[in-house]
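The values are calculated or read from the model by the stated rules, or taken from the named source; none is laboratory data. Given the structure is predicted, the values throughout are model-derived calculations rather than measurements. So basically every Cβ, Gly included, is an ideal-geometry build from the backbone, and we count neighbours across all protein chains shown. Heads up: the accessible areas ignore ligands, DNA and RNA and are worked out on the full protein's heavy atoms, side chains in. Shrake-Rupley method; radii C 1.70, N 1.55, O 1.52, S 1.80 Å.
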Amino acid sequence: MSTKSPTLLTLLQKQGIFIDAACGGRGRCGRCRVLIKGVSKPPDDIEKVLIPAPLIKKGYRLACRYQTDKIPQSLKLPVPKIRRYKRRRDLGMAIDIGTTVLKGAVVDLEKGSILKVAKTYNPQQAFGGDVISRVDFANNGNYELLRRSLQRGIDALKINLGHSNPNFTVIVGNPVMISFYLGKSVKNFGQFPFEGEIRKGIYLKNPPGYIFGCIGGFVGGDTLAGLFASGLLDREKPALYIDLGTNGEIALVMEKRIYVISTAAGPAFEGVGLSSGVLAIPGAIDRVVYYKNGFKISTIGNKKPKGFCASGYIDLIAQLLKCGLLSEYGKLTKELEIAGFKITRLDIRKLQLAIGAIHTGVKFLIDYAGITSGEIKNAVITGEFGAHLTLDALKQVGMVPTTLENLQMEKDLPLRGAVKLLLNEITPEETETVREIAVHLELALQKDFQRRFLEGLFLKPWN
(Lines give C-alpha, C1' and ligand atoms only; values in the text may rest on other atoms or scores of the structure.)
Protein backbone atom coordinates (compact mmCIF):
# COMPACT_ATOMS: atom_id res chain seq x y z
CA MET A 1 0.00 0.00 0.00
CA SER A 2 1.15 3.50 -0.70
CA THR A 3 2.15 5.34 2.43
CA LYS A 4 1.17 8.65 0.82
CA SER A 5 -2.58 8.03 0.61
CA PRO A 6 -4.88 8.62 3.58
CA THR A 7 -6.99 5.80 4.96
CA LEU A 8 -10.63 5.36 3.98
CA LEU A 9 -11.56 5.90 7.64
CA THR A 10 -9.89 9.33 7.60
CA LEU A 11 -11.65 10.33 4.37
CA LEU A 12 -15.03 9.27 5.77
CA GLN A 13 -14.49 11.20 9.00
CA LYS A 14 -13.55 14.36 7.10
CA GLN A 15 -16.84 14.04 5.22
CA GLY A 16 -18.72 13.82 8.50
CA ILE A 17 -19.35 10.07 8.10
CA PHE A 18 -18.52 8.18 11.28
CA ILE A 19 -18.30 4.43 11.65
CA ASP A 20 -17.33 2.43 14.71
CA ALA A 21 -13.56 2.42 15.23
CA ALA A 22 -13.18 1.65 18.92
CA CYS A 23 -9.38 1.42 18.71
CA GLY A 24 -9.07 4.89 17.19
CA GLY A 25 -8.32 3.59 13.71
CA ARG A 26 -5.13 1.73 14.59
CA GLY A 27 -5.98 -1.73 13.30
CA ARG A 28 -6.65 -3.33 16.68
CA CYS A 29 -10.41 -3.89 17.00
CA GLY A 30 -11.61 -4.79 13.48
CA ARG A 31 -14.89 -2.95 13.95
CA CYS A 32 -14.50 -0.53 11.01
CA ARG A 33 -15.15 -3.35 8.53
CA VAL A 34 -16.61 -2.14 5.22
CA LEU A 35 -17.59 -3.82 1.95
CA ILE A 36 -15.90 -2.56 -1.21
CA LYS A 37 -17.36 -4.33 -4.22
CA GLY A 38 -14.85 -5.08 -6.93
CA VAL A 39 -11.92 -4.28 -4.64
CA SER A 40 -8.57 -4.99 -6.27
CA LYS A 41 -6.19 -4.31 -3.41
CA PRO A 42 -5.16 -7.40 -1.45
CA PRO A 43 -5.68 -7.37 2.34
CA ASP A 44 -2.70 -6.60 4.54
CA ASP A 45 -1.56 -8.81 7.42
CA ILE A 46 -3.77 -7.08 9.99
CA GLU A 47 -6.89 -7.43 7.83
CA LYS A 48 -6.12 -11.15 7.38
CA VAL A 49 -6.16 -11.53 11.15
CA LEU A 50 -9.25 -9.42 11.91
CA ILE A 51 -11.49 -10.37 8.96
CA PRO A 52 -12.60 -13.98 8.24
CA ALA A 53 -11.24 -15.31 4.94
CA PRO A 54 -14.71 -15.77 3.32
CA LEU A 55 -15.53 -12.10 3.96
CA ILE A 56 -12.17 -10.97 2.56
CA LYS A 57 -13.02 -12.79 -0.67
CA LYS A 58 -16.33 -10.91 -0.83
CA GLY A 59 -14.48 -7.58 -0.64
CA TYR A 60 -14.53 -6.71 3.05
CA ARG A 61 -11.67 -4.53 4.27
CA LEU A 62 -10.87 -2.41 7.32
CA ALA A 63 -11.47 1.30 6.69
CA CYS A 64 -8.51 2.15 8.94
CA ARG A 65 -6.16 0.02 6.80
CA TYR A 66 -7.50 0.66 3.30
CA GLN A 67 -5.49 3.51 1.79
CA THR A 68 -7.09 5.50 -1.01
CA ASP A 69 -7.27 9.02 -2.40
CA LYS A 70 -11.06 8.97 -2.75
CA ILE A 71 -14.09 7.21 -1.31
CA PRO A 72 -15.04 4.23 -3.54
CA GLN A 73 -18.44 4.52 -5.18
CA SER A 74 -19.15 0.85 -4.49
CA LEU A 75 -18.60 1.28 -0.74
CA LYS A 76 -21.09 -0.29 1.65
CA LEU A 77 -20.87 0.92 5.25
CA PRO A 78 -21.77 -1.13 8.35
CA VAL A 79 -25.20 -0.41 9.80
CA PRO A 80 -25.01 0.15 13.57
CA LYS A 81 -27.26 -2.04 15.68
CA ILE A 82 -29.51 0.50 17.34
CA ARG A 83 -32.11 -0.67 19.80
CA ARG A 84 -34.86 1.57 21.04
CA TYR A 85 -35.16 1.41 24.79
CA LYS A 86 -37.99 2.62 26.94
CA ARG A 87 -36.91 4.89 29.74
CA ARG A 88 -35.81 2.83 32.70
CA ARG A 89 -36.74 4.57 35.93
CA ASP A 90 -34.38 2.31 37.85
CA LEU A 91 -31.32 3.05 35.70
CA GLY A 92 -28.91 5.97 35.63
CA MET A 93 -25.94 6.65 33.39
CA ALA A 94 -22.61 8.37 34.02
CA ILE A 95 -20.50 9.64 31.10
CA ASP A 96 -16.96 11.00 31.11
CA ILE A 97 -16.34 12.89 27.87
CA GLY A 98 -12.58 12.65 27.54
CA THR A 99 -10.45 14.28 24.88
CA THR A 100 -9.22 10.87 23.74
CA VAL A 101 -11.47 8.29 25.40
CA LEU A 102 -15.21 8.33 26.13
CA LYS A 103 -16.22 6.30 29.19
CA GLY A 104 -19.60 5.40 30.56
CA ALA A 105 -21.30 3.41 33.31
CA VAL A 106 -24.85 2.14 33.74
CA VAL A 107 -26.05 2.26 37.35
CA ASP A 108 -28.90 0.49 39.11
CA LEU A 109 -30.38 3.41 41.05
CA GLU A 110 -32.40 1.17 43.37
CA LYS A 111 -29.63 -1.24 44.34
CA GLY A 112 -26.82 1.32 44.12
CA SER A 113 -24.65 -0.90 41.94
CA ILE A 114 -22.78 -0.44 38.66
CA LEU A 115 -24.18 -2.83 36.05
CA LYS A 116 -21.78 -2.19 33.19
CA VAL A 117 -18.80 -0.01 32.25
CA ALA A 118 -17.70 0.67 28.67
CA LYS A 119 -15.35 2.93 26.75
CA THR A 120 -14.55 3.90 23.19
CA TYR A 121 -12.27 6.37 21.46
CA ASN A 122 -13.49 9.92 20.90
CA PRO A 123 -13.99 10.22 17.09
CA GLN A 124 -12.83 13.85 17.27
CA GLN A 125 -9.28 12.49 17.25
CA ALA A 126 -9.50 12.53 13.45
CA PHE A 127 -9.40 16.33 13.64
CA GLY A 128 -6.67 16.78 16.26
CA GLY A 129 -5.11 14.90 19.14
CA ASP A 130 -5.57 17.67 21.73
CA VAL A 131 -8.14 20.31 22.65
CA ILE A 132 -6.18 23.23 21.17
CA SER A 133 -5.95 21.70 17.69
CA ARG A 134 -9.66 20.88 17.78
CA VAL A 135 -10.54 24.39 18.90
CA ASP A 136 -8.53 25.79 15.98
CA PHE A 137 -10.21 23.38 13.56
CA ALA A 138 -13.67 24.24 14.91
CA ASN A 139 -13.04 27.98 14.72
CA ASN A 140 -12.09 27.62 11.06
CA GLY A 141 -15.61 26.69 10.03
CA ASN A 142 -15.74 23.08 11.22
CA TYR A 143 -17.57 23.41 14.52
CA GLU A 144 -20.64 21.36 13.51
CA LEU A 145 -18.44 18.60 12.09
CA LEU A 146 -16.65 18.26 15.42
CA ARG A 147 -19.87 18.40 17.38
CA ARG A 148 -21.49 15.69 15.24
CA SER A 149 -18.44 13.47 15.58
CA LEU A 150 -18.57 13.75 19.37
CA GLN A 151 -22.27 12.89 19.41
CA ARG A 152 -21.63 9.84 17.22
CA GLY A 153 -18.99 8.71 19.68
CA ILE A 154 -21.39 9.10 22.61
CA ASP A 155 -24.06 7.19 20.68
CA ALA A 156 -21.55 4.38 20.10
CA LEU A 157 -20.69 4.40 23.80
CA LYS A 158 -24.37 4.03 24.72
CA ILE A 159 -24.69 1.10 22.32
CA ASN A 160 -21.73 -0.56 24.04
CA LEU A 161 -23.40 0.08 27.41
CA GLY A 162 -26.62 -1.52 26.16
CA HIS A 163 -28.88 1.37 27.22
CA SER A 164 -29.73 4.66 25.54
CA ASN A 165 -32.62 5.96 27.63
CA PRO A 166 -31.77 6.01 31.36
CA ASN A 167 -33.83 7.90 33.90
CA PHE A 168 -31.02 10.35 34.66
CA THR A 169 -27.56 11.01 33.23
CA VAL A 170 -24.57 12.69 34.88
CA ILE A 171 -21.89 14.05 32.55
CA VAL A 172 -18.35 15.23 33.27
CA GLY A 173 -15.63 16.49 30.97
CA ASN A 174 -13.18 19.29 30.35
CA PRO A 175 -14.63 22.69 29.32
CA VAL A 176 -13.94 22.23 25.60
CA MET A 177 -15.61 18.81 25.40
CA ILE A 178 -18.61 20.01 27.42
CA SER A 179 -18.91 23.07 25.17
CA PHE A 180 -19.06 20.84 22.10
CA TYR A 181 -21.62 18.62 23.81
CA LEU A 182 -23.90 21.54 24.67
CA GLY A 183 -23.44 23.37 21.38
CA LYS A 184 -21.62 26.25 23.08
CA SER A 185 -18.94 28.30 21.33
CA VAL A 186 -15.31 27.30 21.72
CA LYS A 187 -14.00 30.51 20.15
CA ASN A 188 -12.62 31.95 23.40
CA PHE A 189 -10.53 28.83 24.03
CA GLY A 190 -8.35 29.84 21.12
CA GLN A 191 -7.24 33.12 22.68
CA PHE A 192 -6.40 34.61 26.06
CA PRO A 193 -7.88 34.33 28.68
CA PHE A 194 -8.90 30.82 27.41
CA GLU A 195 -12.28 30.76 29.12
CA GLY A 196 -15.51 29.18 27.89
CA GLU A 197 -19.12 30.05 28.62
CA ILE A 198 -19.72 27.28 31.19
CA ARG A 199 -18.93 27.71 34.86
CA LYS A 200 -21.75 26.53 37.15
CA GLY A 201 -23.24 23.05 37.00
CA ILE A 202 -26.10 22.65 34.53
CA TYR A 203 -29.36 20.70 34.87
CA LEU A 204 -30.68 19.12 31.67
CA LYS A 205 -34.37 18.62 30.96
CA ASN A 206 -34.54 16.48 27.83
CA PRO A 207 -33.23 13.96 28.56
CA PRO A 208 -32.99 14.58 32.34
CA GLY A 209 -29.46 14.97 33.60
CA TYR A 210 -26.77 17.08 35.24
CA ILE A 211 -23.42 18.35 33.99
CA PHE A 212 -20.68 19.13 36.51
CA GLY A 213 -19.54 22.76 36.42
CA CYS A 214 -16.16 23.90 35.14
CA ILE A 215 -13.40 25.38 37.31
CA GLY A 216 -11.77 27.55 34.65
CA GLY A 217 -9.55 27.52 31.58
CA PHE A 218 -9.25 23.92 30.42
CA VAL A 219 -10.07 22.44 33.86
CA GLY A 220 -13.60 21.12 34.04
CA GLY A 221 -16.09 18.97 35.89
CA ASP A 222 -14.02 15.85 35.31
CA THR A 223 -11.49 17.24 37.78
CA LEU A 224 -14.22 18.11 40.28
CA ALA A 225 -15.71 14.62 40.02
CA GLY A 226 -12.28 13.03 40.29
CA LEU A 227 -11.47 14.99 43.45
CA PHE A 228 -14.65 13.74 45.13
CA ALA A 229 -14.02 10.13 44.07
CA SER A 230 -10.38 10.29 45.21
CA GLY A 231 -11.31 10.98 48.83
CA LEU A 232 -8.59 13.65 49.06
CA LEU A 233 -11.07 16.34 50.10
CA ASP A 234 -11.58 14.52 53.42
CA ARG A 235 -7.99 13.45 54.04
CA GLU A 236 -4.95 15.13 55.57
CA LYS A 237 -3.62 18.02 53.52
CA PRO A 238 -1.72 19.21 51.49
CA ALA A 239 -2.86 16.59 48.99
CA LEU A 240 -2.02 16.15 45.31
CA TYR A 241 -4.39 14.98 42.57
CA ILE A 242 -3.12 14.14 39.07
CA ASP A 243 -5.21 13.02 36.11
CA LEU A 244 -2.82 11.70 33.47
CA GLY A 245 -4.77 12.27 30.29
CA THR A 246 -4.43 14.19 27.06
CA ASN A 247 -5.51 17.36 28.85
CA GLY A 248 -3.62 16.51 32.04
CA GLU A 249 -5.11 18.15 35.13
CA ILE A 250 -3.32 18.64 38.43
CA ALA A 251 -4.82 19.90 41.70
CA LEU A 252 -3.12 20.77 44.97
CA VAL A 253 -5.65 20.55 47.80
CA MET A 254 -4.91 22.88 50.71
CA GLU A 255 -7.03 23.51 53.81
CA LYS A 256 -9.00 26.45 52.40
CA ARG A 257 -8.08 26.52 48.71
CA ILE A 258 -7.59 24.14 45.82
CA TYR A 259 -5.07 25.25 43.19
CA VAL A 260 -5.60 23.69 39.77
CA ILE A 261 -3.85 23.76 36.40
CA SER A 262 -4.04 21.91 33.12
CA THR A 263 -1.03 20.71 31.17
CA ALA A 264 -0.75 19.89 27.48
CA ALA A 265 0.44 16.34 28.11
CA GLY A 266 -0.90 15.08 24.78
CA PRO A 267 -2.51 11.67 24.16
CA ALA A 268 0.62 9.56 24.89
CA PHE A 269 -0.63 8.69 28.40
CA GLU A 270 -3.67 7.11 26.74
CA GLY A 271 -1.61 5.04 24.32
CA VAL A 272 -2.42 7.20 21.30
CA GLY A 273 0.21 8.42 18.86
CA LEU A 274 2.71 5.78 19.97
CA SER A 275 3.80 3.15 17.45
CA SER A 276 2.90 0.26 19.78
CA GLY A 277 0.54 2.07 22.15
CA VAL A 278 -2.81 0.66 23.30
CA LEU A 279 -5.38 1.40 25.97
CA ALA A 280 -5.21 -0.44 29.28
CA ILE A 281 -7.01 -3.47 27.86
CA PRO A 282 -6.39 -7.23 28.23
CA GLY A 283 -3.12 -7.92 26.44
CA ALA A 284 -1.63 -4.49 27.06
CA ILE A 285 1.93 -4.63 28.41
CA ASP A 286 1.71 -2.95 31.81
CA ARG A 287 4.97 -4.04 33.46
CA VAL A 288 8.55 -4.28 32.23
CA VAL A 289 11.55 -5.58 34.18
CA TYR A 290 15.14 -5.74 32.94
CA TYR A 291 17.37 -8.69 33.74
CA LYS A 292 20.88 -9.50 32.56
CA ASN A 293 19.49 -11.78 29.87
CA GLY A 294 16.88 -9.30 28.63
CA PHE A 295 13.46 -7.83 29.36
CA LYS A 296 10.57 -9.58 31.03
CA ILE A 297 7.03 -8.26 30.54
CA SER A 298 3.60 -8.83 31.99
CA THR A 299 0.29 -8.06 30.34
CA ILE A 300 -3.13 -7.14 31.66
CA GLY A 301 -5.08 -10.37 32.08
CA ASN A 302 -1.99 -12.41 31.13
CA LYS A 303 -3.10 -12.22 27.50
CA LYS A 304 -0.99 -12.22 24.35
CA PRO A 305 0.82 -8.84 24.04
CA LYS A 306 -1.06 -6.29 21.92
CA GLY A 307 1.19 -3.31 22.64
CA PHE A 308 2.23 -1.06 25.53
CA CYS A 309 -0.23 0.91 27.63
CA ALA A 310 1.13 4.03 29.30
CA SER A 311 2.17 2.28 32.51
CA GLY A 312 4.14 -0.25 30.46
CA TYR A 313 5.91 2.54 28.59
CA ILE A 314 6.74 4.41 31.80
CA ASP A 315 7.97 1.18 33.38
CA LEU A 316 10.08 0.60 30.29
CA ILE A 317 11.62 4.10 30.38
CA ALA A 318 12.46 3.66 34.07
CA GLN A 319 14.16 0.32 33.36
CA LEU A 320 16.08 1.73 30.39
CA LEU A 321 17.34 4.58 32.55
CA LYS A 322 18.48 2.20 35.27
CA CYS A 323 20.39 -0.11 32.93
CA GLY A 324 21.97 2.73 30.96
CA LEU A 325 20.17 2.10 27.65
CA LEU A 326 18.51 5.52 27.81
CA SER A 327 20.06 8.84 28.82
CA GLU A 328 18.31 11.46 30.94
CA TYR A 329 18.07 13.51 27.73
CA GLY A 330 15.88 10.81 26.19
CA LYS A 331 18.48 9.30 23.85
CA LEU A 332 18.50 5.54 23.24
CA THR A 333 21.95 3.95 23.07
CA LYS A 334 20.77 1.25 20.66
CA GLU A 335 17.74 0.01 18.77
CA LEU A 336 15.42 -2.11 20.87
CA GLU A 337 12.65 -4.60 20.23
CA ILE A 338 10.64 -5.96 23.16
CA ALA A 339 7.98 -8.66 22.83
CA GLY A 340 8.02 -8.07 19.09
CA PHE A 341 7.46 -4.31 19.35
CA LYS A 342 10.08 -1.80 18.26
CA ILE A 343 10.91 0.96 20.73
CA THR A 344 11.36 4.11 18.69
CA ARG A 345 13.05 7.41 19.49
CA LEU A 346 9.85 9.22 18.53
CA ASP A 347 7.81 7.24 21.08
CA ILE A 348 10.34 8.06 23.80
CA ARG A 349 10.20 11.74 22.81
CA LYS A 350 6.40 11.91 22.99
CA LEU A 351 6.40 10.31 26.42
CA GLN A 352 9.25 12.56 27.53
CA LEU A 353 7.17 15.62 26.59
CA ALA A 354 4.15 14.24 28.47
CA ILE A 355 6.23 13.43 31.56
CA GLY A 356 7.85 16.87 31.41
CA ALA A 357 4.44 18.56 31.25
CA ILE A 358 3.24 16.80 34.41
CA HIS A 359 6.56 17.41 36.20
CA THR A 360 6.33 21.12 35.39
CA GLY A 361 2.76 21.36 36.64
CA VAL A 362 3.38 19.51 39.89
CA LYS A 363 6.50 21.52 40.74
CA PHE A 364 4.81 24.81 39.87
CA LEU A 365 1.84 24.17 42.19
CA ILE A 366 4.15 23.17 45.05
CA ASP A 367 6.19 26.36 44.60
CA TYR A 368 3.08 28.53 44.17
CA ALA A 369 1.54 27.25 47.40
CA GLY A 370 4.79 27.93 49.25
CA ILE A 371 5.27 24.38 50.48
CA THR A 372 7.87 21.68 49.91
CA SER A 373 7.27 18.35 48.22
CA GLY A 374 7.96 16.63 51.54
CA GLU A 375 4.91 18.32 53.09
CA ILE A 376 2.45 16.56 50.75
CA LYS A 377 0.55 14.08 52.93
CA ASN A 378 -1.51 12.24 50.32
CA ALA A 379 -1.52 11.90 46.55
CA VAL A 380 -3.71 10.16 43.99
CA ILE A 381 -3.05 9.54 40.31
CA THR A 382 -5.78 8.52 37.89
CA GLY A 383 -5.87 7.98 34.16
CA GLU A 384 -6.66 5.53 31.38
CA PHE A 385 -4.08 3.01 32.59
CA GLY A 386 -5.85 2.70 35.92
CA ALA A 387 -3.86 1.28 38.80
CA HIS A 388 -1.02 -0.18 36.72
CA LEU A 389 1.64 2.46 37.40
CA THR A 390 4.35 1.99 40.01
CA LEU A 391 5.59 4.74 42.33
CA ASP A 392 9.23 3.76 41.79
CA ALA A 393 8.90 4.16 38.02
CA LEU A 394 7.17 7.53 38.36
CA LYS A 395 10.01 8.76 40.57
CA GLN A 396 12.71 7.33 38.32
CA VAL A 397 11.43 9.14 35.21
CA GLY A 398 10.97 12.39 37.16
CA MET A 399 7.21 12.73 36.96
CA VAL A 400 6.72 13.07 40.73
CA PRO A 401 9.15 14.09 43.50
CA THR A 402 11.14 11.40 45.26
CA THR A 403 9.80 12.60 48.62
CA LEU A 404 6.25 11.54 47.68
CA GLU A 405 5.32 8.47 49.71
CA ASN A 406 1.59 8.08 50.28
CA LEU A 407 0.52 7.73 46.63
CA GLN A 408 -2.46 5.76 45.34
CA MET A 409 -3.16 4.75 41.73
CA GLU A 410 -6.87 4.78 40.97
CA LYS A 411 -8.84 3.99 37.85
CA ASP A 412 -11.51 6.17 36.21
CA LEU A 413 -11.97 8.64 39.08
CA PRO A 414 -13.91 11.26 37.04
CA LEU A 415 -16.40 8.58 35.97
CA ARG A 416 -16.62 7.27 39.51
CA GLY A 417 -17.30 10.80 40.76
CA ALA A 418 -20.20 11.07 38.32
CA VAL A 419 -21.54 7.75 39.63
CA LYS A 420 -21.33 9.09 43.21
CA LEU A 421 -23.65 11.94 42.26
CA LEU A 422 -26.04 9.52 40.55
CA LEU A 423 -26.25 7.55 43.78
CA ASN A 424 -26.71 10.70 45.93
CA GLU A 425 -23.41 10.11 47.71
CA ILE A 426 -22.59 13.71 46.80
CA THR A 427 -24.91 16.52 45.77
CA PRO A 428 -24.71 19.20 43.07
CA GLU A 429 -24.55 21.77 45.88
CA GLU A 430 -21.44 20.10 47.29
CA THR A 431 -19.76 20.10 43.89
CA GLU A 432 -20.49 23.81 43.55
CA THR A 433 -18.99 24.53 46.97
CA VAL A 434 -15.74 22.85 45.95
CA ARG A 435 -15.77 24.51 42.53
CA GLU A 436 -16.01 27.95 44.15
CA ILE A 437 -12.92 27.46 46.35
CA ALA A 438 -10.86 26.14 43.44
CA VAL A 439 -8.39 28.65 41.96
CA HIS A 440 -7.44 28.09 38.35
CA LEU A 441 -3.90 29.06 37.35
CA GLU A 442 -2.71 29.40 33.74
CA LEU A 443 0.60 27.54 33.74
CA ALA A 444 1.78 28.53 30.24
CA LEU A 445 1.44 32.25 31.08
CA GLN A 446 3.89 32.15 33.98
CA LYS A 447 7.04 34.16 33.28
CA ASP A 448 9.37 31.25 33.97
CA PHE A 449 7.27 28.59 32.23
CA GLN A 450 9.80 27.83 29.47
CA ARG A 451 12.61 27.35 31.99
CA ARG A 452 10.46 25.13 34.15
CA PHE A 453 9.34 23.02 31.23
CA LEU A 454 12.87 22.52 29.89
CA GLU A 455 14.00 21.41 33.34
CA GLY A 456 11.06 19.00 33.46
CA LEU A 457 12.20 17.26 30.29
CA PHE A 458 15.17 15.66 32.02
CA LEU A 459 14.36 12.04 32.81
CA LYS A 460 15.78 11.87 36.30
CA PRO A 461 14.60 11.83 39.93
CA TRP A 462 13.92 15.14 41.71
CA ASN A 463 12.74 16.41 45.08
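The smallest convex shape that holds all Cα atoms of the stretch 91-243, its convex hull, gives 119 Å³ per residue. Taking all protein chains together and rolling a 1.4 Å probe, R147 ends up with roughly 80 Å² accessible.
Which aspartates and glutamates have a Cα less than 14 Å from the Cα of K158, not counting those fewer than 8 places away in the same chain? Candidates past the 8-residue exclusion: D20, D96. Note on the stretch 396-437: Cα convex hull, mean projected area over all directions, 4.7 nm².
Taking a ≥ b ≥ c as the square roots of the eigenvalues of the Cα gyration tensor of the stretch 24-155, is the shape rounded (a/c under 1.5), prolate (a/b larger than b/c) or oblate? Because a/c hits 1.5 or more and a/b fails to exceed b/c, the stretch 24-155 counts as oblate. Can you work out ³J(HN,Hα) from phi for every residue in the stretch 363-372, in order, using Karplus 6.51 cos²θ - 1.76 cosθ + 1.60 and θ = phi - 60°, giving whole Hz and x for Gly and Pro? Each residue's phi maps through the Karplus curve to give 5, 4, 5, 4, 5, 4, 6, x, 10, 10 Hz. Electrostatic tally near T223: other residues with Cβ closer than 9 Å to its Cβ, Lys and Arg +1, Asp and Glu -1, net -3. Rolling a 1.4 Å probe over the protein chains gives R451 an accessible area of about 120 Å². By the Cα gyration tensor, the chain has an equivalent ellipsoid whose semi-axes, rounded to whole angstrom, run 34, 30, 21 from largest to smallest. Here the chain is assigned +1 on the Cβ of each Lys and Arg and -1 on the Cβ of each Asp and Glu. Its dipole about the Cα centre then comes out at about 2280 debye. In whole percents, the pair-distance distribution calculated for the stretch 248-363 from its alpha-carbon pairs, binned every 10 Å from zero, is 14, 42, 29, 12, 3, 0. For the stretch 26-72, the calculated P(r) over all alpha carbon pairs, in 5 Å bins from 0 to the bin holding the longest distance, is 5, 24, 39, 23, 9, 1 percent.
What does the charge count near V131 come to, summing +1 for each Lys or Arg and -1 for each Asp or Glu among other residues with Cβ under 13 Å from its Cβ?
It works out to a net charge of -3.
Rounded to the nearest Hz, the phi-derived 3J(HN,Hα) couplings of the stretch 181-189 under the Karplus curve 6.51 cos²θ - 1.76 cosθ + 1.60 (θ = phi - 60°) are 4, 8, x, 8, 5, 10, 4, 6, 6, where x marks glycine and proline.
Note on the chain: antiparallel DSSP beta bridges, both residues inside, total approximately 65 percent of the bridges counted.
Once the 1.4 Å probe is applied to the protein heavy atoms, the chain comes out at 45 Å² accessible per residue.
Considering only C-alpha atoms, what is the centroid distance from the stretch 138-205 to the stretch 20-70, in Å? About 31 Å separates the Cα centre of the stretch 138-205 from the one of the stretch 20-70.
Specify whether the C-alpha gyration tensor of the stretch 326-387 places it in the rounded, prolate or oblate class, a ≥ b ≥ c being the square roots of the eigenvalues: rounded for a/c under 1.5, otherwise prolate if a/b is larger than b/c and oblate if not.
The shape class here is prolate.
Evaluated at q = 0.16, 0.17, 0.24 Å⁻¹, a Debye calculation over the C-alpha positions of the stretch 180-272 (equal weights, vacuum) places log10 I(q)/I(0) at -0.78, -0.87, -1.29. For the stretch 368-455, the set of GluC sites (Glu not before Pro) satisfying both a DSSP loop assignment and a count of at most 16 other C-beta atoms within 10 Å is given as E405, E425, E442. A simple charge model with +1 on the Cβ of Lys and Arg, -1 on the Cβ of Asp and Glu and nothing else charged puts the dipole of the stretch 289-363 at about 120 debye relative to its Cα centre. Shown here is the pair-distance distribution of the stretch 146-224: with all Cα-Cα distances grouped in 5 Å bins from zero up to the longest one, the shares run 3, 15, 23, 24, 20, 9, 4, 1, 0 percent.
In the chain, what percent of the accessible surface is made up of carbon and sulfur (1.4 Å probe, ligands and nucleic acids excluded)?
Numbers: 10310 of 20610 Å².
Exposed carbon and sulfur together represent 50 percent of the surface.
Mean residue ellipticity, 222 nm, helices only, the chain: the sum of -39500 (n - 2.57) across DSSP H runs of n ≥ 4, divided by residue count and rounded to 500, is -9000 deg cm²/dmol. Summing +1 for each Lys or Arg and -1 for each Asp or Glu among the other residues whose beta-carbon sits under 9 angstrom from that of T99 gives -1. Let me test this: with uniform point scatterers at the alpha carbons of the stretch 230-292, what is the Debye-based log₁₀ I(q)/I(0) at q = 0.17, 0.18, 0.26, 0.28 1/Å? One equal scatterer on each Cα of the stretch 230-292 leads to -0.76, -0.79, -1.02, -1.10. Taking all protein chains together and rolling a 1.4 Å probe, V434 ends up with roughly 20 Å² accessible.
Probe radius 1.4 Å, ligands and nucleic acids left out: which of S40, S5 has the largest accessible area, and how do the rest follow?
S40, S5
Rounded to the nearest whole Hz, the Karplus-based 3J(HN,Hα) values (6.51 cos²θ - 1.76 cosθ + 1.60, θ = phi - 60°) of the stretch 43-56 follow the sequence x, 8, 5, 5, 4, 5, 7, 8, 10, x, 3, x, 6, 4, with x at glycine and proline.
Reducing the stretch 286-302 and the stretch 355-413 to their Cα centroids gives an inter-centroid distance of 24 Å.
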